[in-house]
Amino acid sequence: MGWFSKSTDGFFLSTTSPEGVERSQYLGIVHGEAIIGANIFRDMFASVRDVVGGRAGGYERALSGARDAAMEDLIESAREMGATGVIGIDFDYEVLGETNGMMMVAVSGTAVRI
């Protein structure tokens, strides 16, 4: 229970400490961040969606891309430490900028070596 993602190349990601997996060493906290800016066309279509309803596909794709980029940073940081996985993964989303035109995705977790 609690598995966040599949294991790839012997590297695993988990939102919890997986049962039955023995950790030999906690290596430390790792993190990744990505900041995306909203452009005028996404804003225009999103405001139309506000009125007529529906999903804002442009924003969803941009957010998904930012989340993927943050995860790539997290995994790279963990691998640089010699980790074979990351446990306790947590995502955070923030709106930034003077006109709230940017969004930050931050992800953190604990790098472990099995």
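The values are calculated or read from the model by the stated rules, or taken from the named source; none is laboratory data. Predicted model, so just to flag it, every value in this text is computed and none were measured. Glycine also receives a Cβ, built like all others from the backbone with ideal geometry; neighbour counts cover every protein chain displayed.
Here are a few things to note about the model shown:
- Taking the numbered list (1) surrounded by 12 or more Cβ atoms within 10 Å (Cβ to Cβ); (2) in a strand (DSSP E or B) in turn, V95 passes all entries but (1).
- Residue in segment 103-114 that is assigned to a helix (DSSP H, G or I) and modelled with pLDDT of 70 or more present: no
- Residue in segment 51-61 that is in a helix (DSSP H, G or I) and at pLDDT 95 or above present: no
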